[in-house]
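Some notes on the structure that comes next.
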């Protein structure tokens with residue numbers, strides 16, 4: 001059995017699964033339940049001067065009948081008094097000494113940061129996480145994403161924290177920026193010990209077409225909210241990779257954004273995360289989901305012969321290059337398995353209308369294929385015109401049958417050639433320009 | 001006077017005849033609609049005689065455009081709601097579904113179609129477009145069943161006048177009087193008739209053509225005639241006892257269920273049904289549901305040879321109807337002028353009685369479901385030159401439904417010998433499209449999913465010849 005424990009910037013956690021700062025980590029009661037279920041850590045709901053919330057706070061994106069594919073909120077940081085939060089952190093820490101508690105903080109002045117860090121340490125928190133990400137409400141008051149969008153301010157505040165903190169300082173970044181490496185480098189420059197990302201993305205999930213008010217409705221009006229849930233995973237993975245692959249940053253990363261399953265978690269870890277944080281999936285299904293995440297990750301590591309989470313961490317990072325360094329001479333084409341093809345011909349219409357017009361519908365007899373599962377006798381079947389297939393993958397993506405369309409490598413005997421090498425070769429006159437596609 | 005009598009009280013009778021396939025709730029419908037793959041050149045369309053764009057309407061349900069879904073369905077098939085309930089979908093659209101042979105169930109197309117059209121039927125909202133141009137041409141449709149309804153609706157939509165003559169009290173034909181009650185109540189058929197009436201079709205009910213209204217008069221008054229007269233009386237057995245008061249024809253027995261309150265339908269304690277087609281199954285199942293102690297099918301051939309669909313057979317068995325195969329009726333026995341049993345002979349593999357094998361089964365109610373006769377005599381009285389084909393079917397041009405007499409068209413059971421409601425609608429519609437072309441010189445392309453590969457129907461459209469898949 002693989003070892004799931006991790007060491008995150010010096011903080012030991014029995015597993016990489018932490019509750020992300022948000023409604024599930026709002027009280028001692030919830031933290032007890034999270035730890036009973038098996039979570040390795042909890043990032044407490046952001047503590048600051050107690051705020052007042054709006055009524056009606058959450059909204060969601062439904063897709064093809066599936067609920068909460070994406071989720072947004074206009075809820076602010078903790079509306080409980082700081083002393084209550086710190087008292088409860090102490091309570092939980094005393095009962096669960098082997099688990100991680102991170103105090104998420106959001107205050108304004110240097111003195112306040114110093115004070116809240118001290119109170120966090122006194123309460124027994126293992127680390128602090130500076131919330132520089134919240135894209136609604138708090139940013140209007142110069143906090144949250146207003147900080148995260150300004151690298152100079154990040155560096156300053158990270159510096160205020162680092163100058164007093166005896167526990168690790170994690171900077172939580174907002175995705176509502178152009179290049180996430182810039183705030184990441186600022187955090188590093190300010191003395192941060194680690195980075196967590198992503199916070200939520202500015203969003204409007206839907207508009208009620210009767211009232212013309214977006215959701216969530218606060219008495220018939222709304223505001224942009226922070227978007228999260230499964231739908232944001234690709235954006236989060238991209239940003240986690242950007243931070244993890246940046247040689248100037250080189251800090252532990254806690255990955256956040258759309259993690260629902262062990263597989264999601266494994267992908268974040270393969271892209272450089274040491275711990276992963278989950279909020280929306282717990283809001284939808286409860287703390288119990290961690291059991292499956294731990295089991296799935298453990299079995300996966302075993303199946304790959306990996307002894308620990310650490311062995312998986314960053315495994316995919318070397319395979320992400322700039323586009324210009326990819327191999328221009330690599331070729332793949334689609335191959336259809338007629339024993340599996342059900343004759344929906346979705347591959348045909350996708351290629352025909354949406355891609356490169358290289359899947360024909362042909363008489364199955366002419367192709368020498370018999371009846372397949374679900375195909376009516378004689379109904380035309382799709383056939384890839386190999387010489388015109390550009391290997392775009394679209395057909396294999398729309399095909400509803402597992403392993404029916406596979407993308408296969410074409411052995412063309414050509415040597416590896418990057419765009420950069422090709423450009424140089426053409427410029428030096430040692431290489432013929434590749435003719436444009438007809 | 002027959003000794004048959006009602007068995008179940010009102011509430012029980014209604015409960016027993018509740019529809020077996022309940023409507024989808026909206027979340028269920030959306031979930032099911034989202035399972036549909038939205039196939040390109042979808043085989044379900046090809047398998048539908050009326051060529052409904054099935055993936056198209058299903059995606060409309062998924063995308064919260066239920067009214068648009070109803071429009072897609074009813075534009076292709078004006079009886080889309082009753083077809084959703086009574087079509088043998090397992091051998092048509094659902095049988096052709098690409099998911100069918102995988103480890104999945106096919107999409108529940110019938111129930112989705114019903115879901116989409118139920119609301120329109122309830123609200124009476126008109127979703128089908130009617131041409132604002134009027135040709136002034138008038139077509140008489142004789143018989144008010146599905147073929148005439150399909151034809152009449154299409155005609156008014158294309159800007160022509162349509163008048164339906166029906167001898168019974170209500171139009172709808174077998175849809176109103178002959179579908180198993182637990183599949184569709186007569187009110188549904190009547191609601192569809194009302195929708196068609198709103199489109200502009202005129203109905204004249206209680207009129208017997210030939211008696212109340214001369215055919216010549218119709219020919220004078222109208223530009224064309226469509227014959228949708230269905231089939232005639234049930235076949236006779238020609239055995240002793242056939243005229244006893246407790247011997248009925250299945251069509252009449254089912255029509256009774258549809259014309260009077262369920263608690264007043266009379267039947268015996270031990271019912272036997274002769275024949276094993278789909279009508280026989282409808283009769284035996286309804287007799288059992290309405291309180292018969294036993295309801296038994298007697299069939300002269302083997303289980304494998306029955307013409308009823310497998311799922312109909314399974315349904316009847318699940319209701320504890322009984323089946324006796326390889327037996328032929330010899331005589332219906334009487335006691336004091338009333339049915340008291342039936343004498344049967346065992347049959348050989350050619351369905352011929354085996355000498356000396358006779359035995360008796362007790363029963364007090366005999367229902368004959370031996371198929372219906374054709375209306376040859378009536379037809380030839382009306383149109384002496386009308387060409388009839390094998391078995392008395394009206395001969396028609398398969399592409400236009402026109403008979404041997406120019407301007408006289410036919411469709412439904414009278415022309416196809418007995419098929420599904422959906423076939424009748426398709427034939428009526430086909431006749432209407434040709435009539436339109438005759439009246440205006442303008443051809444209407446039937447709703448067909450075109451392919452650009454030059455593949456002629458049945459590929460590319462289910463309109464001409466639906467693809468039948470084995471049940």
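Among residues that are within 14 Å of chain A (Cβ to nearest Cβ), closer than 21 Å to residue A:380 by Cβ, within 20 Å of the chain's Cα centre (by Cα) and surrounded by 20 or more Cβ atoms within 10 Å (Cβ to Cβ), residue B:95 is included. Filtered by the rule that a residue be touching a strand residue (DSSP E or B) at 6+ places or on another chain (Cβ under 7 Å) and crowded, with 16+ Cβ neighbours inside 10 Å, the stretch A:284-309 gives A:290, A:293, A:294, A:309.
Among residues that are over 19 Å from the mean Cα position of the chain (by Cα) and touching a residue at least 40 places away in the same chain (Cβ under 8 Å), residue B:52 is not included. Restricted to strands (runs of 3 or more DSSP E) entirely inside the stretch A:325-438, those with at least 1 residues that are away from every other protein chain (no Cβ under 12 Å) and farther than 18 Å from residue B:41 by Cα are A:332-336, A:405-409. Set side by side, the residues B:61, B:45 differ, and just one is within 14 Å of chain A (Cβ to nearest Cβ), at pLDDT below 90, surrounded by 22 or more Cβ atoms within 10 Å (Cβ to Cβ) and assigned to a helix (DSSP H, G or I), which is B:45. Condition first: modelled with pLDDT of 95 or more, surrounded by fewer than 20 Cβ atoms within 10 Å (Cβ to Cβ) and assigned to a loop (DSSP other than H, G, I, E, B). Can you find one or more residues in the stretch A:127-149 that meet it? No - not one qualifying residue is present in the stretch A:127-149. Considering each residue of the stretch B:68-76 in turn, none proves to be within 11 Å of chain A (Cβ to nearest Cβ), farther than 24 Å from residue B:145 by Cβ and within 24 Å of the chain's Cα centre (by Cα). Might you check whether a residue that is in contact with a helix residue (DSSP H, G or I) (Cβ under 8 Å, 6 or more places away or on another chain), at pLDDT 90 or above and closer than 30 Å to residue B:320 by Cβ occurs anywhere in the stretch B:25-34? Looking for residues that are in contact with a helix residue (DSSP H, G or I) (Cβ under 8 Å, 6 or more places away or on another chain), at pLDDT 90 or above and closer than 30 Å to residue B:320 by Cβ, one finds none in the stretch B:25-34, hence no.
Condition check ((1) crowded, with 24+ Cβ neighbours inside 10 Å; (2) more than 30 Å from residue B:5 (Cα to Cα); (3) within 16 Å of the chain's Cα centre (by Cα)) across all residues:
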site	(1), (2), (3)
B:370	no, no, no
B:396	yes, yes, no
B:407	no, yes, no
B:428	yes, yes, yes
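Out of A:296, A:314, A:305, I need the residue that is more than 14 Å from chain B (Cβ to nearest Cβ) and part of a helix (DSSP H, G or I). Which one? Answer to the check: A:296.
With the condition kept exactly as written, say whether any residue in the stretch B:350-364 is out of contact with any strand residue (DSSP E or B) (no Cβ under 9 Å at 6 or more places or on another chain), surrounded by fewer than 20 Cβ atoms within 10 Å (Cβ to Cβ) and not assigned by TED's automatic domain parsing to the domain that holds residue B:87. Checking the stretch B:350-364: at least one residue is out of contact with any strand residue (DSSP E or B) (no Cβ under 9 Å at 6 or more places or on another chain), surrounded by fewer than 20 Cβ atoms within 10 Å (Cβ to Cβ) and not assigned by TED's automatic domain parsing to the domain that holds residue B:87. Scanning the stretch A:38-68 for residues that are more than 29 Å from residue A:142 (Cβ to Cβ) and either surrounded by fewer than 17 Cβ atoms within 10 Å (Cβ to Cβ) or within 14 Å of another protein chain (Cβ to nearest Cβ) (or both) yields a count of 6.
Applying the selection to the stretch B:48-58, what residues are away from every other protein chain (no Cβ under 14 Å) and within 19 Å of residue B:146 (Cβ to Cβ)? Across the stretch B:48-58, the qualifying residues are B:49, B:50, B:51, B:52. Restricting attention to the stretch B:306-347 and to residues that are in a loop (DSSP other than H, G, I, E, B) and closer than 24 Å to residue B:18 by Cα, the residue that is farthest from the chain's Cα centre (by Cα) turns out to be B:320.
Residue B:112 meets all of the listed conditions (1) within 14 Å of another protein chain (Cβ to nearest Cβ); (2) not in a helix (DSSP H, G or I) but one, namely (2).
Quick one: in the stretch B:7-35, which of the residues that are more than 27 Å from the chain's Cα centre (by Cα) and part of a loop (DSSP other than H, G, I, E, B) is farthest from residue B:66 (Cα to Cα)? Ranking the qualifying residues of the stretch B:7-35, first place goes to B:7.
So which of A:370, A:391, A:378 ends up being modelled with pLDDT under 95 and surrounded by 13 or more Cβ atoms within 10 Å (Cβ to Cβ)?
The unique qualifying residue is A:378.
For the stretch A:396-406, a residue qualifies if it is within 26 Å of residue A:365 (Cα to Cα) and either without any contact (Cβ under 8 Å) to a residue 12 or more places away in the chain or within 26 Å of the chain's Cα centre (by Cα) (or both), and the qualifying residues are A:396, A:398, A:399, A:400, A:402. Which residues, counting only those in the stretch A:235-285, are without any contact (Cβ under 8 Å) to a residue 24 or more places away in the chain and either under 12 Å from the mean Cα position of the chain (by Cα) or closer than 14 Å to residue A:315 by Cβ (or both)? If the condition is that a residue be without any contact (Cβ under 8 Å) to a residue 24 or more places away in the chain and either under 12 Å from the mean Cα position of the chain (by Cα) or closer than 14 Å to residue A:315 by Cβ (or both), then A:238 is the only one that fits. Restricted to the stretch B:77-92, and to residues there that are touching a residue at least 40 places away in the same chain (Cβ under 8 Å) and not in a loop (DSSP other than H, G, I, E, B), the residue that is nearest to the other protein chains (Cβ to nearest Cβ) is B:91. Within the bounds of the stretch A:214-233, is there any residue that is without any contact (Cβ under 8 Å) to a residue 40 or more places away in the chain, more than 12 Å from the chain's Cα centre (by Cα) and more than 19 Å from residue A:136 (Cα to Cα)? Checked against the condition, which is being without any contact (Cβ under 8 Å) to a residue 40 or more places away in the chain, more than 12 Å from the chain's Cα centre (by Cα) and more than 19 Å from residue A:136 (Cα to Cα), the stretch A:214-233 yields no hits at all.
The values are calculated or read from the model by the stated rules, or taken from the named source; none is laboratory data. For clarity, every value in this text was computed on a predicted model and none was experimentally measured. Every residue, glycine as well, gets a Cβ built from its backbone with ideal geometry; the counts of neighbours run over all protein chains shown.
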